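A short worksheet on the structure shown next.
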Amino acid sequence: MAFDPSKSWDTYPDIEITLNVNGKNYKVKVKPYERLIDVLRYKLGFTGVKEGCGRGECGACVVLMDGELVPSCLVLAVRANGKKIITVEGLAPEGKLHAVQKAFLDTFAVQCGFCFPGFAIAIKHLLDKNPNPSEEEIKEALSGNLCRCGSYYRLIKAAKLASEYVRQGKIYFDVKR
């Protein structure tokens with residue numbers, strides 16, 4: 001379907017897609033021009049996916065799509081049809097924290113919290129590929145994420161601690177209430 005500038009945005013047909021988000025299938029109707037970030041946030045309610053720059057440069061919107069780290073602000077929702085997507089809400093089963101989330105709390109890495117979901121997803125992606133990364137590898141893996149508070153030292157420290165947890169087999173932690 002080619003873009004027709006004489007048409008109103010609303011005249012484009014809805015396309016039904018299926019997204020597997022955090023292990024659950026969702027059927028959703030989207031326009032051909034809708035971005036994955038908007039579908040995740042506003043149609044499915046996964047508000048951990050944040051819009052920072054809208055250009056794929058800040059990392060606030062990153063998700064894992066079929067195991068790859070992608071900026072959801074640059075992916076058309078129709079391109080995600082049939083894909084497995086993990087957001088920060090899906091890092092751990094209900095009532096648990098993933099090692100990355102626990103490490104963020106243990107190192108006081110979270111300040112305002114805006115960048116936290118993107119950094120958490122990026123660190124999980126790194127640890128899935130390499131459970132024992134060097135500091136240089138951590139910095140490289142986080143280079144696509146921006147922290148407006150400047151918590152980089154703590155974020156690197158959190159990644160190192162999460163790596164240690166993963167190597168010890170401590171992937172999930174109970175949430176203390």
Out of all the residues in the range 105-118, is one or more buried (at least 21 other Cβ atoms within 10 Å of the Cβ), within 25 Å of E137 (Cα to Cα) and in contact with a Leu (Cβ under 8 Å, 6 or more places away or on another chain)?
-> yes
Residues of the range 123-153 being at pLDDT below 95 and outside any loop (DSSP other than H, G, I, E, B), in sequence order, are Y152, Y153
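Among the candidates N145, N132, which residue alone is surrounded by fewer than 19 Cβ atoms within 10 Å (Cβ to Cβ) and of a type outside the set (D, E, K, R)?
Numbers: N145 fails: surrounded by fewer than 19 Cβ atoms within 10 Å (Cβ to Cβ).
It is N132.
Within the range 1-20, is even one residue closer than 20 Å to G113 by Cβ and not assigned by TED's automatic domain parsing to the domain that holds K102? Don't jump to the end; show me each part of the working.
Residues of the range 1-20 closer than 20 Å to G113 by Cβ: none.
No, the range 1-20 contains no residue that is closer than 20 Å to G113 by Cβ and not assigned by TED's automatic domain parsing to the domain that holds K102.
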Within the range 30-58, restricting attention to residues that are closer than 11 Å to E89 by Cβ and either modelled with pLDDT under 95 or in contact with a Leu (Cβ under 7 Å, 6 or more places away or on another chain) (or both), which residue is surrounded by the fewest Cβ atoms within 10 Å (Cβ to Cβ)?
-> F46
If only one of A77, A92, A159 is within 30 Å of P13 (Cβ to Cβ), surrounded by 15 or more Cβ atoms within 10 Å (Cβ to Cβ) and not acidic (D, E), which one is it?
-> A77
Pairing a residue in the range 94-105 that is among the β-branched types (V, I, T) with any residue that is surrounded by 14 or more Cβ atoms within 10 Å (Cβ to Cβ), where Cβ atoms lie under 7 Å and the two sit 6 or more apart in sequence or on different chains, gives V100/L91; V100/A120; V100/I123; V100/K124; V100/A162
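The values are calculated or read from the model by the stated rules, or taken from the named source; none is laboratory data. The model shown is predicted, which means the values in this text are computed figures rather than measured ones. Here Cβ is always computed from backbone atoms with ideal geometry, including for glycine, and neighbour counts include all displayed protein chains.
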